[in-house]
Amino acid sequence: MEALDKTGIDISAVRKQFPILSQSVNGRTLIYFDNGATTQKPQRVINAIVEYYSSYNSNIHRGVHTLSQVATRKYDAARATVSSFINAVDPSWVIFTKGTTDSINLIATCYGNKFVNEGDEILITSMEHHSNILPWQELCHRKKAVLKVLPVDDNGVLKYEELDALLTSRTKLFACAHVSNTLGTVNDVKRLVDAAHTKNIPVLIDGAQAVPHLKVDMMELNADFYCFSGHKMYGPTGIGVLYANEKWLDVFDVYQSGGGTIRLVTFDKTEYAEGPHKFEAGTPNIEGAIALAEAVNFMQETGIPNLSRYEHELLEHATARLNEIAEVKIIGTAPCKAGVISFNVGNIHPFDIGTLLDKQGIAVRTGHHCTQPLMQCYGIQGTVRMSFAVYNTKEEIDVFIDALKKAIKILS
């Protein structure tokens, strides 16, 4: 596979960093197009995890011995690395969580318990992942509040013209995706944040599908809360990030109490720590945070602008090739998309397509992609979804198209 000079990325060199890509599946070289679910890991991320357990495995922020000091320095450095990566106001605004779902639940609990009351409203959009629906739905049930929804049009673009009417004096929070995991739509989140802030409404952005593909800048965006997961950006599972404005962290009660969250404990009362430590109870995913920082280093060395341009080339190539097949209907045709394509093939069930592609060594996602309400908007049960990462190639897309044609022929 040749280097693609115009993007500044040597794709062959990139692919060699991912050991899993060299394996065969069902007798074929693996083609992995399920990156929206989770990305593969470069060897440097895997090495970071192994090194932690082999060289300095120890708990953090508690020990004076050497191993603990090494682990603490690397964990704290990981927070600084992530903070710089997203241009956070301060590293203390970065909380390590289990992932995007955990981050959203933290805010739904801490913010919801304190600021949402009966008759209040939470606004989301119809393209949200279940993880950005269920916590708000549960909050509304618990507090007798109202969940409202900003719809999308037939192309998968938010109906921005309806936003002003939906943001009312009763709206306590607006939660929306930066990028749709199903449609690939890149939302104008700066516009959404500014519209909400004009009415003094805080905003939570689900950035799980954005951070792997786009440069995100917290100072520019000015969202109150921004969430993302390590495993979707070449890092390990079980680690994620919640970026939160300190004005909220200062007034929130603890999400979970326990070791690591405290300043002083007596039997009469407890004084809690400030900043992120207040929300990181217990022994954290130390190796996960350190490996996430290594994933960030991989992305920065590759170059986020280069990565974005290359993935856009893959998106355009795959879209053009899919449009050559008469039976294929792409779901989500917004003018601004990340590297995600969802589609259906006539009346063929997506599971059947996915199964036959797997037989040819190609991994795609099939089903509702944790966006059942969005599927209901389009009147469908699910789709086939292919999603790209920097290690994918146009050559792989062409192999995929041939395999898809074979599957259609078998199932028709």
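Bear in mind these aren't lab numbers, they're just calculated from the coordinates by the rules spelled out. Predicted, not measured: the structure shown is a model, and the values here were computed from it. Ideal geometry is used to build each Cβ from the backbone, glycine not excepted, and the neighbour counts take in all protein chains shown.
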Where trypsin sites (Lys or Arg not before Pro) in DSSP loops with at most 16 other Cβ within 10 Å are excluded, longest remaining stretch of the chain:
270-412
Any idea what Rg and Dmax come out to for the stretch 15-63 if you just take the C-alpha atoms, in Å?
15.5, 50
Enumerate the lysines that K190 could reach by cross-link, defined here as Cα to Cα under 17 Å, with residues fewer than 8 away along the same chain left out.
K159, K199, K215, K337
Whether the stretch 150-224 is rounded, prolate or oblate, judged on the alpha carbon gyration tensor where a/c under 1.5 counts as rounded:
oblate
Estimated inter-spin distance, I325 and L30, nm [label 7 Å along Cα→Cβ]
2.3
Nearest-0.05 FRET efficiency for R263 and L411 at R0 = 45 Å, using Cβ-Cβ distance, is 0.10
Tell me what the chain gives for mean residue ellipticity at 222 nm when only DSSP H runs of n ≥ 4 count, each as -39,500 (n - 2.57), the sum divided by the residue total, rounded to 500 deg cm²/dmol.
-11500 deg cm²/dmol
Ordered by residue, what ³J(HN,Hα) values in Hz, to whole numbers, does the stretch 259-271 give under the Karplus form 6.51 cos²θ - 1.76 cosθ + 1.60, where θ = phi - 60° and Gly and Pro are x?
x, x, 9, 10, 9, 8, 10, 10, 6, 8, 7, 10, 9
Considering only DSSP beta bridges where both residues belong to the chain, give the percentage that are antiparallel (nearest 5).
60
Starting from the Cα of I380, step 7 Å toward the Cβ, then list every residue of the stretch 159-184 with an amide N under 19 Å from that point.
159, 179-184
Could you check which residue among G258, G230, G382 shows the biggest mean-square fluctuation in a GNM of the chain with a 10 Å Cα cutoff?
G258
DSSP loop (so not H, G, I, E, B), at most 10 other Cβ within 10 Å: list which GluC sites (Glu not before Pro) in the stretch 93-158 pass both filters.
E118
FRET E, pair E51, K190, Förster distance 35 Å, beta-carbon r, rounded to 0.05:
0.35
Potential lengthening between H130 and K16 on full extension [0.36 nm per residue; Cα-Cα distance subtracted]
37.6 nm
